[in-house]
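Beneath this line is the structure, given in structure tokens, with notes to follow.
The values are calculated or read from the model by the stated rules, or taken from the named source; none is laboratory data. Note that this is a predicted model, so its numbers are computed, not measured. Ideal geometry is used to build each Cβ from the backbone, glycine not excepted, and the neighbour counts take in all protein chains shown.
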Ligand code: C2E
Ligand code: MG
Ligand code: MG
Ligand code: MG
């Protein structure tokens, strides 16, 4: 009896795993098609200075105009892309599109500030990223100081010595670098001070419970202090409520990104935001 139950359990796990593998393959296949059919689009989420109330930049966030699912956020597909080589091609598309968009905005007299691009581990590991960025800066007419690269802490620390060398080259080109999801990837403080970065983004998991968790408040305050001490800009991610915003502000952090100000929006809405803001000046 026990034996057959055990067997059934294995069959059950097998089916579940098969289903997962099938879905993974399904997503991977349709990602190929998405590239060919140009189904990707970028949304942009403003980063705001709490003191001035002004937008200081945006983060570019990938969306998929899926033929069946509609506009789809990366949670559904980015892990599949990042586990395969597809992330290189998708990442290249993102870089090109941000540069094209930035040039267009600047030509229209709009001043969006820096736009941050998420860079995946495989992109950094490929030796072509710098050359690709350089070539596309030239071709697009986009300036390096309009761009910031966002890299998750976990990946930078995977091979910190190598990251330091690579990031230095990006800084020499004039690009800013921020560490994404900071606080979740066991940074070595010894390396942190060597990293040629410009910004720390406090992970949203610490922001979520600020109101109820004195531990999270302590962590947020410590990251803010640390960043300042290292001469970095610190931004809090995923700020949703007025109370969170005020706690972040009173902890000495001026920059936020989150629903409390705006969700990620399409390019047209960015233009509206920027025009409204310049009226406020
Ligand atoms: P991330 O880089 O940490 O981006 C922040 C995520 O938090 C975004 O989710 C954003 O919409 C969401 N967010 C912003 N404010 C709030 C808030 O107040 N509350 C809550 N609950 N969420 C908020 P999104 O757009 O779904 O992207 C998820 C992740 O997918 C990103 O996390 C990033 O790791 C990845 N991703 C997005 N675009 C790209 C891309 O172009 N390339 C790569 N490699 N990864 C990307
Ligand atoms: Mg990011
Ligand atoms: Mg993040
Ligand atoms: Mg994240």
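Select, from 60, 81, the only residue that is farther than 15 Å from residue 263 by Cα and modelled with pLDDT of 95 or more. Reasoning before the result, please.
Numbers: 60 fails: farther than 15 Å from residue 263 by Cα.
Selected residue: 81, the only one of 60, 81 that is farther than 15 Å from residue 263 by Cα and modelled with pLDDT of 95 or more.
Among 117, 156, 133, which is the only one that is surrounded by 18 or more Cβ atoms within 10 Å (Cβ to Cβ), within 11 Å of ligand 1 (Cβ to nearest atom) and either without any contact (Cβ under 8 Å) to a residue 60 or more places away in the chain or part of a loop (DSSP other than H, G, I, E, B) (or both)?
Numbers: 156 fails: within 11 Å of ligand 1 (Cβ to nearest atom); 133 fails: within 11 Å of ligand 1 (Cβ to nearest atom).
Selected residue: 117, the only one of 117, 156, 133 that is surrounded by 18 or more Cβ atoms within 10 Å (Cβ to Cβ), within 11 Å of ligand 1 (Cβ to nearest atom) and either without any contact (Cβ under 8 Å) to a residue 60 or more places away in the chain or part of a loop (DSSP other than H, G, I, E, B) (or both).
Within region 46-68, which residues are surrounded by fewer than 20 Cβ atoms within 10 Å (Cβ to Cβ) and either within 27 Å of residue 31 (Cα to Cα) or within 16 Å of ligand 4 (Cβ to nearest atom) (or both)?
61, 63, 65, 66, 67, 68
Please give the number of the condition residue 177 fails out of (1) at pLDDT 95 or above; (2) over 26 Å from residue 73 (Cβ atoms); (3) touching a strand residue (DSSP E or B) at 6+ places or on another chain (Cβ under 8 Å).
Among (1) at pLDDT 95 or above; (2) over 26 Å from residue 73 (Cβ atoms); (3) touching a strand residue (DSSP E or B) at 6+ places or on another chain (Cβ under 8 Å), the lone unmet condition for residue 177 is (2).
Quickly run through region 138-157 and pick out the residues that are more than 16 Å from ligand 4 (Cβ to nearest atom) and out of contact with any helix residue (DSSP H, G or I) (no Cβ under 6 Å at 6 or more places or on another chain). I'd like the intermediate steps shown before the answer.
So the first thing to find is which residues in region 138-157 are more than 16 Å from ligand 4 (Cβ to nearest atom), and the list is 138-147.
Matches in region 138-157: 138, 139, 143, 145, 147.
Return a yes/no flag: does region 230-243 have any residue that is within 14 Å of residue 178 (Cα to Cα) and more than 18 Å from the chain's Cα centre (by Cα). Outline the logic, then answer.
First, the residues of region 230-243 that are within 14 Å of residue 178 (Cα to Cα): 230-237.
Going one step further and asking which of them are more than 18 Å from the chain's Cα centre (by Cα), we end up with 230-231.
Within region 230-243, one or more residues are within 14 Å of residue 178 (Cα to Cα) and more than 18 Å from the chain's Cα centre (by Cα).
Conditions (1) within 16 Å of ligand 3 (Cβ to nearest atom); (2) buried (at least 19 other Cβ atoms within 10 Å of the Cβ), marked per residue:
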{"site": "227", "(1), (2)": "yes, yes"}
{"site": "241", "(1), (2)": "no, no"}
{"site": "253", "(1), (2)": "yes, yes"}
{"site": "263", "(1), (2)": "yes, no"}
{"site": "276", "(1), (2)": "no, no"}
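How many of the residues in region 171-186 are away from ligand 2 (no atom under 16 Å from the Cβ) and either in contact with a helix residue (DSSP H, G or I) (Cβ under 9 Å, 6 or more places away or on another chain) or in contact (Cβ under 8 Å) with a residue 40 or more places away in the chain (or both)?
3
Within the bounds of region 196-206, is there any residue that is over 17 Å from residue 47 (Cα atoms), surrounded by 20 or more Cβ atoms within 10 Å (Cβ to Cβ) and within 16 Å of ligand 4 (Cβ to nearest atom)?
As a first pass, look at region 196-206 and keep what is over 17 Å from residue 47 (Cα atoms): 196-197, 205-206.
Now narrow it down to the ones that are surrounded by 20 or more Cβ atoms within 10 Å (Cβ to Cβ): 197, 206.
Of the ones still in play, those that are also within 16 Å of ligand 4 (Cβ to nearest atom) are 206.
Within region 196-206 (the criterion being over 17 Å from residue 47 (Cα atoms), surrounded by 20 or more Cβ atoms within 10 Å (Cβ to Cβ) and within 16 Å of ligand 4 (Cβ to nearest atom)), the answer is yes, since at least one residue qualifies.
Within region 229-238, can you find the residues that are more than 12 Å from residue 252 (Cα to Cα) and surrounded by 14 or more Cβ atoms within 10 Å (Cβ to Cβ)?
230, 232, 237, 238
Which one of these does residue 192 not meet: (1) in contact (Cβ under 8 Å) with a residue 12 or more places away in the chain; (2) away from ligand 2 (no atom under 16 Å from the Cβ); (3) surrounded by fewer than 18 Cβ atoms within 10 Å (Cβ to Cβ)?
Among (1) in contact (Cβ under 8 Å) with a residue 12 or more places away in the chain; (2) away from ligand 2 (no atom under 16 Å from the Cβ); (3) surrounded by fewer than 18 Cβ atoms within 10 Å (Cβ to Cβ), the lone unmet condition for residue 192 is (3).
Scan region 80-99 for residues that are surrounded by fewer than 20 Cβ atoms within 10 Å (Cβ to Cβ) and under 16 Å from residue 134 (Cβ atoms) and jot them down.
Within region 80-99, 92, 96 qualify.
Out of (1) away from ligand 4 (no atom under 16 Å from the Cβ); (2) assigned to a helix (DSSP H, G or I); (3) touching a residue at least 24 places away in the same chain (Cβ under 8 Å), the odd one out for residue 15 is which?
Result: residue 15 passes all but (3).
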